[in-house]
Amino acid sequence: MTPTTLRHRHGGKIVKVHGIAHCACRPLEGRSRDYWYFDCDVLWDDSSTVDRHEVEPYKLACDDPPSNAELASLIATMTAYLHEHGVWYDSGPHEGWYAHRKVA
């Protein structure tokens, strides 16, 4: 996907989304430390260079988020990815999203 309206919260334009990936980490005190992210090319404001970067959903920014179609599409894709590659625990000895397995 080549977005036109999405920015990185820390100051950069997201110029390409290569896909979604995640990292499985050892839990800490019963809480998941696994994380999911968009694999993106970001054109940074302060250096004018494009770097490939892990962009977690909370780092996405845009004007008028509730009606931004690109943001909605990415969040829907992330939700589907989470349900395919992870499981949510909200009570018991585990909390948070846990990956089914490590993905390369």
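The values are calculated or read from the model by the stated rules, or taken from the named source; none is laboratory data. Just so you know, these numbers come straight off a predicted model, no measurement behind them. Reconstructed Cβ throughout: ideal geometry from the backbone, glycine too, with neighbour counts over all protein chains shown. These accessible areas exclude ligands, DNA and RNA; they are computed on the full protein's heavy atoms, side chains included. Shrake-Rupley method; radii C 1.70, N 1.55, O 1.52, S 1.80 Å.
A few points about this structure:
- Taken together, the residues in segment 81-92 that are closer than 16 Å to Phe38 by Cβ and touching a strand residue (DSSP E or B) at 6+ places or on another chain (Cβ under 9 Å) amount to 4.
- Note on segment 1-21: residues that are in a strand (DSSP E or B) and open to solvent by 10 Å² or more (accessible area, probe 1.4 Å) total 9.
- Scanning segment 41-58 for residues that are open to solvent by 60 Å² or more (accessible area, probe 1.4 Å), closer than 23 Å to Thr77 by Cα and either β-branched (Val, Ile, Thr) or in contact with an Asp or Glu (Cβ under 6 Å, 6 or more places away or on another chain) (or both) gives a single hit, Arg52.
- Test result for Ala61, small (Gly, Ala, Ser), open to solvent by less than 80 Å² (accessible area, probe 1.4 Å) and touching a residue at least 24 places away in the same chain (Cβ under 8 Å): yes
- Checking Gly96, Gly86 one by one, the residue that is under 13 Å from Ala21 (Cα atoms), at pLDDT below 90 and either touching a Gly at 6+ places or on another chain (Cβ under 7 Å) or open to solvent by less than 80 Å² (accessible area, probe 1.4 Å) (or both) is Gly86 and no other.
- In segment 21-50, the residues that are farther than 17 Å from Ala61 by Cα, touching a strand residue (DSSP E or B) at 6+ places or on another chain (Cβ under 6 Å) and of a type in the set (Val, Ile, Thr): Val50
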